Amino acid sequence: MNNHEVYIAILYHSVLDSNLIKEVCAGLEEEGVSFLLEECDKTNSFTELGTIAADMSPLNVGIGIDQFGNLCVHHEKLNSEEPYIRDIVQNGRKSGKNAARLVKGLPLFF
């Protein structure tokens, strides 16, 4: 976790391999955006985790990852079931970069 006031929140399920989570963080770091990493086992829905993460983030963007490795990048203004990006944690670096680029207003990687 980076200790900055402005960050993208990442909520993930504790059963996930920490190396996969590190890839998401690496994507954010490569784009120069700080993050807050937090375990959350209260829900099974990656979209719900993403919604909560976006609500937590001063940048209004969050990443949710469920126990199956489903990942989403969510924005606070979007419907909770319609995240900005849906992907899998194996593409975590790209998703982290895209979350950062969403905040910075840059084109996304697809």
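Each value in this text was obtained by applying a stated rule to the coordinates, not by laboratory testing. Treat the numbers as computed from the prediction; the structure is a model and nothing was measured. Ideal geometry is used to build each Cβ from the backbone, glycine not excepted, and the neighbour counts take in all protein chains shown.
Yes or no, residue by residue, for (1) free of Cβ contacts under 8 Å to residues at least 40 places away in the same chain; (2) buried (at least 21 other Cβ atoms within 10 Å of the Cβ):
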{"position": "Val24", "(1), (2)": "no, yes"}
{"position": "Asp55", "(1), (2)": "yes, no"}
{"position": "Cys72", "(1), (2)": "yes, yes"}
{"position": "Glu82", "(1), (2)": "yes, no"}
{"position": "Lys94", "(1), (2)": "no, no"}
{"position": "Asn98", "(1), (2)": "no, yes"}
{"position": "Gly105", "(1), (2)": "yes, no"}
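Does Asn98 qualify as being out of contact with any helix residue (DSSP H, G or I) (no Cβ under 6 Å at 6 or more places or on another chain), assigned to a helix (DSSP H, G or I) and either closer than 15 Å to Val33 by Cα or among the acidic types (Asp, Glu) (or both)? Criteria met by Asn98. Summed over the range 26-51, residues that are in a loop (DSSP other than H, G, I, E, B), among the polar types (S, T, N, Q) and crowded, with 17+ Cβ neighbours inside 10 Å total 1. The set of residues in the range 23-71 that are under 21 Å from Lys104 (Cα atoms) and either basic (Lys, Arg) or in contact with a Cys (Cβ under 8 Å, 6 or more places away or on another chain) (or both) comprises Phe35, Leu37, Gly50, Ile52, Ile63, Gly64.
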